[in-house]
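Some notes on the structure that comes next.
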Amino acid sequence: MKKENKNIGAFLSEYGVFIALAILVVVISTISPEFRQPGNFLNLLRQASFNGLIAFGMTCVILSGGIDLSVGSTFALSAIVCAEMIGHGVPVIVAVPVALLVGVALGLISGLLVTKGRLQPFIATLITMTAYRGMAMILTDGKPISRLAESAGDGAFLFKALGKGNVVCDFLPAIKIPIPILILLASFGIFYFLLKHTTFGRRLYATGSNAKCAALSGVNIDRIKMSVYAISGFLSALAGLIMISRVDSAQPIMGSGYELDAIAAVALGGTSMNGGRGRIAGTIAGVLIIAVLNNGLNILGVTSYYQNVIKAVVILVAVLADRKR
């Protein structure tokens, strides 16, 4: 009997998040005919791509034993930098890479505060979160920057393709797959391989599991931690660029609260908040649960205030479940 209970517990630990996702989709689909429309599912996946990219970076940071509260501010500041450059006539092919490098630099600053400054990750990224948001406000004087595609000139096609473009399948021409979804799927493949089949992945798990033992085994702990914050910054910046391409404008307040969604997705996916244990497949399931919740609650007319409370409860349940593993 104990063995059967242990097997059931192991099964739920492995696949519980996927079962929860399936149940959630079935329940909301039953309640709302609008939710189960194919166009809505496509829109849901497109919305999930922003949180998915940020959550992949957050997964790496949490696996290392840290946390990154600055992802939403990095998302906004990188997007603002790109928008300002495009607005001042800088070509898109230059503005986009520079904005991505800005994201990496912002992540490295958080990493430096954690590794060299010896600050707790929560405190370090709380500081950078506040500073980056303030810098976004200073750059824009608190005002939105709009009509980016028009300002992009000859690069307007490339700029719009990032957030609004679609890829048509030759064998199914009626189906158009949005480019943000393809970027999300490609990123998932890259991080699945990175965490499961590379030396970096093994060292990352070792760092989060027991940093002292990892250091004694020759792992450069500081380099691993710096790397994950740089990855987090890059992915946050990429998500920000996709967003401003999608909505054709950039605002200093954009990305507020995205850190909550990313942490919720990672926790739901089964990654231990203490580091050293987790998987990227769980994170993508967590991202989809958050997206289904957001989309479903919007369709059902639940206000954003209640949505935040529901998501907070979901995080609490996921963290309590993690403590029992």
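The values are calculated or read from the model by the stated rules, or taken from the named source; none is laboratory data. Computed from a predicted model, the values in this text were never measured in an experiment. Cβ coordinates were reconstructed from backbone atoms using ideal geometry, including for glycine residues, and neighbour counts include every protein chain displayed. Side chains included, ligands, DNA and RNA excluded: accessible areas come from the protein's heavy atoms. Shrake-Rupley method; radii C 1.70, N 1.55, O 1.52, S 1.80 Å.
Starting at 0 and stepping by 5 Å, how many percent of the alpha carbon pairs of the range 93-242 end up in each bin?
2, 8, 12, 16, 16, 15, 12, 8, 6, 3, 1, 0
So what is the 222 nm mean residue ellipticity for the chain from helices alone, if each DSSP H run of at least 4 adds -39500 (n - 2.57) and you divide by all residues, rounding to the nearest 500 deg cm²/dmol? Working shown, then result.
Numbers: 14 runs with 245 residues, N = 325.
Helix-only estimate at 222 nm: -25500 deg cm²/dmol.
Probe radius 1.4 Å, ligands and nucleic acids left out: which of Leu21, Leu139, Leu44 has the largest accessible area, and how do the rest follow?
Ranked list, largest accessible area first: Leu139, Leu21, Leu44.
Got the relative contact order for the range 114-189 handy, in percent, Cα pairs under 8 Å and 6 or more residues apart?
Contact order relative to length: 14 percent.
Considering the chain, what Rg and Dmax in Å follow from its alpha-carbon atoms?
Reported Rg and Dmax, both Å: 20.0, 70.
Report the accessible area of Asp141, computed with a 1.4 Å probe over the heavy atoms of all protein chains in place, in Å² rounded to the nearest 10.
110 Å²
List, in order, the whole-Hz ³J(HN,Hα) value for each residue of the range 190-198 obtained from phi through the Karplus relation with A = 6.51, B = -1.76, C = 1.60 and θ = phi - 60°; use x for Gly and Pro.
5, 6, 4, 5, 4, 7, 9, 10, 10
Could you please report the charge total around Asp248, scoring K, R as +1 and D, E as -1 over all other residues with beta-carbon less than 13 angstrom from its beta-carbon?
Local charge sum for Asp248: +3.
How many Lys pairs in the chain lie less than 25 angstrom apart by Cα atoms, where the lysines are 8 or more positions apart or on different chains?
The result is 15.
Take Arg202 and Tyr305, extend 7 Å from each Cα along the Cα→Cβ direction, and tell me the distance between the two endpoints in nm.
For Arg202 paired with Tyr305, the spin-label model returns 5.4 nm.
Counting Lys and Arg as +1 and Asp and Glu as -1, what is the net charge of the other residues whose Cβ lies under 13 Å from the Cβ of Gly89? Spell out each step's value before the answer.
On the way: positive: none; negative: Glu84, Glu150, Asp154.
The answer is -3.
At a 1.4 Å probe radius, carbon and sulfur cover how many percent of the accessible area of the chain?
Working: 10460 of 15860 Å².
Carbon plus sulfur share of accessible area: 66 percent.
In Å², and per residue, what accessible area does the chain have when probed at 1.4 Å with the other protein chains present? Present the calculation step by step, with values, prior to reporting the outcome.
Numbers: 15860 Å² over 325 residues.
Normalised by residue count, the accessible surface of the chain is 49 Å².
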